[in-house]
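**Student:** Please see the structure below; I have some questions.
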Amino acid sequence: MAERKIILTGDRPTGRLHLGHYVGSLMRRVEMQNSGEYDQINILIADDQALTDNADNPGKIRDNIIQVVLDYLSVGIDPAKSTICVQSALPALHALTFYYLNLVTTARLSRNPTVKAEIQMRGFEDEGLPAGFFTYPVSQAADITAFNANIVPVGEDQLPMIEQTREIVEKFNRIYGETLVLPKAVIPENEVQRRLPGVDGNAKMSKSLGNGIYLSDTAATVKKLVNGKMFTDPQHLRIEDQGHLEGNVVFTYLDAFCKQEHFAAYLPDYACLDEMKAHYQRGGLGDGTCKKFLINVLNELMDPIRESRAKWEADIDTVYDIIKDGTARARGITDETLEKVRSAMRIDYFKDRSIIQEWEKLL
Ligand code: TRP
């Protein structure tokens, strides 16, 4: 029998999702979902993981669960094809984490490059490092293995998590016998998908920098961000000056979002992006024209997402049932894995009474 293709992916509900999430993962999830090639697709809202660095602000996580679900549904995640579930309501994940923690050394955890960078970014070096945050890659290994996932579509920054998960799986299977499925990461194919910069050219989009375009942003907000804040070429002062594409965020975004047919609709002077770029480099194409085109391109993508979001927003009752049902389904899957793990570890004392004979023989 061919191996079943099981996907697990997820997000921390710490904020609304932005265009970087869209090109980096959401777009691909929807494609995978609609390809019919996968046997099971699970999307985890990782609220427990989000709490590892937000312990003092649980309200933020609570509020953003609905934002993230609305973002999923509005881009085309279909609850009939993909299971959307909430981490904190899956107790098997907690139990698995506790067992897996014994298979990882603190030295190994200290080497995880993504966690290292996050520790720095969050100032945990000075403040003290929450043990839960330090060990979250182990909880992520629990997420992945609990769903028996062999395919984990993630951003590049998540590769160290999948690597650590694979090590845990190998160690578990070596000690306790073949039980867990070895997962593989699937990362975005090209550079723009891997990291879409903020509108100001900063490598990271963040709420505090105000440099992100969120899927739920209005057309007016998009226009304001692109016209008012998007970084272009500081040497391109007059329209006839030669323009540069490197680091020019308008062109980075066009690389990510523009399609051939957008030219006929919004900028018929050019047949394709290469022609437009060539004119910009040669001189004679102004930033204003480029930005106006980009705004049209973005709104063509975002208008249907906005429409869909508005419909779901008017029916939060149904959205609630979607994640409640998804979580119930996920609970069945993850409980079953925990049971297998406990059997493999021989800590299933109360499954039946057979241990009585074992114990009697000892006495
Ligand atoms: N760490 C992931 C992120 O920050 C979110 C996540 C939690 C996840 N559990 C997961 C991703 C399991 C893939 C699989 O984006």
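**Student:** Taking into account only those residues within the range 31-50 that are away from the ligand (no atom under 12 Å from the Cβ) and assigned to a helix (DSSP H, G or I), which is most open to solvent (accessible area, probe 1.4 Å)?
**Tutor:** E31
**Student:** Further, regarding this structure: Looking only at the range 93-132, which residues are within 14 Å of the ligand (Cβ to nearest atom) and hydroxyl-bearing (S, T, Y)?
**Tutor:** Within the range 93-132, T97, Y100, T114 qualify.
**Student:** What helices (runs of 4 or more DSSP H), lying completely within the range 128-239, carry at least 2 residues that are more than 23 Å from Y99 (Cα to Cα) and open to solvent by 20 Å² or more (accessible area, probe 1.4 Å)?
**Tutor:** In the range 128-239, 191-194, 219-229 are the helices (runs of 4 or more DSSP H) which contain 2 or more residues that are more than 23 Å from Y99 (Cα to Cα) and open to solvent by 20 Å² or more (accessible area, probe 1.4 Å).
**Student:** Among the listed residues V115, V68, identify the single one that is assigned by TED's automatic domain parsing to the domain that holds D47, part of a helix (DSSP H, G or I) and out of contact with any strand residue (DSSP E or B) (no Cβ under 9 Å at 6 or more places or on another chain).
**Tutor:** Going through V115, V68 in turn, just one is assigned by TED's automatic domain parsing to the domain that holds D47, part of a helix (DSSP H, G or I) and out of contact with any strand residue (DSSP E or B) (no Cβ under 9 Å at 6 or more places or on another chain): V115.
**Student:** Read through the list (1) open to solvent by 10 Å² or more (accessible area, probe 1.4 Å); (2) among the β-branched types (V, I, T); (3) within 15 Å of the ligand (Cβ to nearest atom), then give the number of the only condition that I66 fails.
**Tutor:** All conditions pass for I66, except number (3).
**Student:** Something else: Given the conditions (1) surrounded by 20 or more Cβ atoms within 10 Å (Cβ to Cβ); (2) closer than 23 Å to A314 by Cβ; (3) more than 13 Å from the ligand (Cβ to nearest atom); (4) hydrophobic (A, V, I, L, M, F, W, C), report the number of the one that A80 does not fulfil.
**Tutor:** All conditions are met except number (1).
**Student:** Tell me whether the range 182-203 contains one or more residues that are free of Cβ contacts under 8 Å to residues at least 24 places away in the same chain, of a type in the set (S, T, N, Q) and outside the structural domain of V30 (by TED's automatic domain parsing).
**Tutor:** Within the range 182-203, one or more residues are free of Cβ contacts under 8 Å to residues at least 24 places away in the same chain, of a type in the set (S, T, N, Q) and outside the structural domain of V30 (by TED's automatic domain parsing).
For every residue, the table says whether it meets (1) of a type in the set (A, V, I, L, M, F, W, C); (2) within 15 Å of the ligand (Cβ to nearest atom).
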| residue | (1), (2) |
| --- | --- |
| F134 | yes, yes |
| F172 | yes, no |
| L180 | yes, yes |
| V186 | yes, yes |
| V192 | yes, no |
| G198 | no, no |
| L215 | yes, no |
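**Student:** Kindly indicate whether K324 is open to solvent by 70 Å² or more (accessible area, probe 1.4 Å), under 30 Å from M230 (Cβ atoms) and not polar (S, T, N, Q).
**Tutor:** No.
**Student:** List the pairs whose first member sits in the range 327-346 and is in the same structural domain as Q87 (by TED's automatic domain parsing) and more than 17 Å from T83 (Cα to Cα), whose second member is exposed (fewer than 14 other Cβ atoms within 10 Å of the Cβ) and not basic (K, R), and whose Cβ atoms are under 7 Å apart, counting only residues at least 6 apart or on separate chains?
**Tutor:** So the pair list comes out as A344/G177.
**Student:** Of all residues in the range 5-42, which are touching a helix residue (DSSP H, G or I) at 6+ places or on another chain (Cβ under 7 Å) and of a type in the set (K, R)?
**Tutor:** R12, R16
**Student:** Being assigned to a helix (DSSP H, G or I) and among the acidic types (D, E), is that true of even one residue in the range 77-94?
**Tutor:** Among the residues of the range 77-94, not one is assigned to a helix (DSSP H, G or I) and among the acidic types (D, E), which makes the answer no.
**Student:** Let me ask you something else. (1) closer than 24 Å to L180 by Cα; (2) buried (at least 18 other Cβ atoms within 10 Å of the Cβ): which one isn't true of L73, the others all being true?
**Tutor:** Here L73 meets the rest and fails (1).
**Student:** Taking only the range 1-30 into account, find how many residues are more than 13 Å from the ligand (Cβ to nearest atom) and within 15 Å of I84 (Cα to Cα).
**Tutor:** The number of residues fulfilling the criteria is 1.
**Student:** Would you check if R108 is basic (K, R) and either open to solvent by less than 50 Å² (accessible area, probe 1.4 Å) or assigned to a loop (DSSP other than H, G, I, E, B) (or both)?
**Tutor:** Numbers: basic (K, R): yes; either open to solvent by less than 50 Å² (accessible area, probe 1.4 Å) or assigned to a loop (DSSP other than H, G, I, E, B) (or both): yes.
Spelling it out, R108 is indeed basic (K, R) and either open to solvent by less than 50 Å² (accessible area, probe 1.4 Å) or assigned to a loop (DSSP other than H, G, I, E, B) (or both).
The values are calculated or read from the model by the stated rules, or taken from the named source; none is laboratory data. All values reported here derive from a predicted model rather than from experimental measurement. Here Cβ is always computed from backbone atoms with ideal geometry, including for glycine, and neighbour counts include all displayed protein chains. We work out accessible area using only protein heavy atoms, side chains counted, and drop any ligands, DNA or RNA first. Shrake-Rupley method; radii C 1.70, N 1.55, O 1.52, S 1.80 Å.
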